[in-house]
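Here's the structure, in structure tokens; my notes come after.
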Amino acid sequence: GLGKVCAVAGPLPMIDEQGSPTGNIIRLQVVGAVDADALAEAGCAIGGGAFARRLVELFGPIGPEVVTAEDIVLAFRAALAGPIVMLDRPVMKYRQHGQSLLGSSGPLAPDARRYRQGFERMLRGVIAARRVQLRDIARAEALNMIDRRRARGLAARIERHLAAERLSLELLQRKAGPLLARRWRRGRGQYSPREAGKALAMGIAPGWWFG
């Protein structure tokens, strides 16, 4: 039944191609209770984690379009369905190299073109993950895991991230000139100055945002 532990997670240390620690660690951005509301607000995953198979049984399979952001979907599903146990030690490690997702969209990318391609691939996966999250919210409401009011609140937060990430993708595709002005006018009140600055940095120099 519902309420069983659905995920165990912890910090995600990075290692290089030889298996040596790089010194970089991805930590959960949520402070306090790790629930669906906190994850929807932060728009993030939960670092390195292990997830229960029943999340797929409850919500359905994850399509290939989400392959670069399945951790966002799984973390959100786990928070909807049951407790997430957070540890102060790693559950797994992330091997970073020029062909890995974070490697191709970060300092290890072999050239600027690969850097941009890697970042665009990551953004497309996140956008696809947001669509899945919206479907999962509807599914959770249908299963009486959350009530209608909470479902609407969660969906509003996810929609806000989706709008900002779509803008970031368009800016990344070198449409930053008139597009930024048009979207800023249209999105006034929806995008915070921080989100707008991050999106602009993505379009001009993705490394500013990623680094």
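Along segment 73-88 the Karplus relation, 6.51 cos²θ - 1.76 cosθ + 1.60 evaluated at θ = phi - 60°, assigns HN-Hα couplings of 5, 5, 4, 5, 4, 4, 5, 6, 8, x, x, 10, 8, 9, 9, 8 Hz to successive residues, with x for each Gly and Pro.
Converting phi to 3J(HN,Hα) with the Karplus coefficients 6.51, -1.76 and 1.60 and the offset θ = phi - 60°, segment 122-127 yields 5, 5, 4, x, 5, 4 Hz in sequence order, with x at every glycine or proline. Computed over neighbours whose Cβ is under 11 Å from that of VAL56, the net charge equals +1, Lys and Arg +1, Asp and Glu -1. Extension gain, GLU17 to ALA42: 0.36 nm times the residue separation minus the Cα-Cα distance gives 6.0 nm. The modelled label-to-label distance between ARG53 and LYS4, using points 7 Å beyond Cα along the C-beta direction, is 1.1 nm. Backbone amide hydrogens, once placed in the peptide plane, bring ILE15 within less than 5 Å of THR22, TYR94, ARG95, GLN96, excluding anything fewer than 5 places away on its chain. Sparse packing (at most 15 other Cβ atoms within 10 Å of the Cβ) combined with a DSSP loop state is found for the following trypsin sites (Lys or Arg not before Pro) in segment 34-77: ARG53.
Bear in mind that the values in this text are calculations on the coordinates, not laboratory data. Not measured: the values here are computed from a predicted model. Note: ideal-geometry Cβ built from the backbone for every residue, glycine included; neighbour counts use all protein chains shown.
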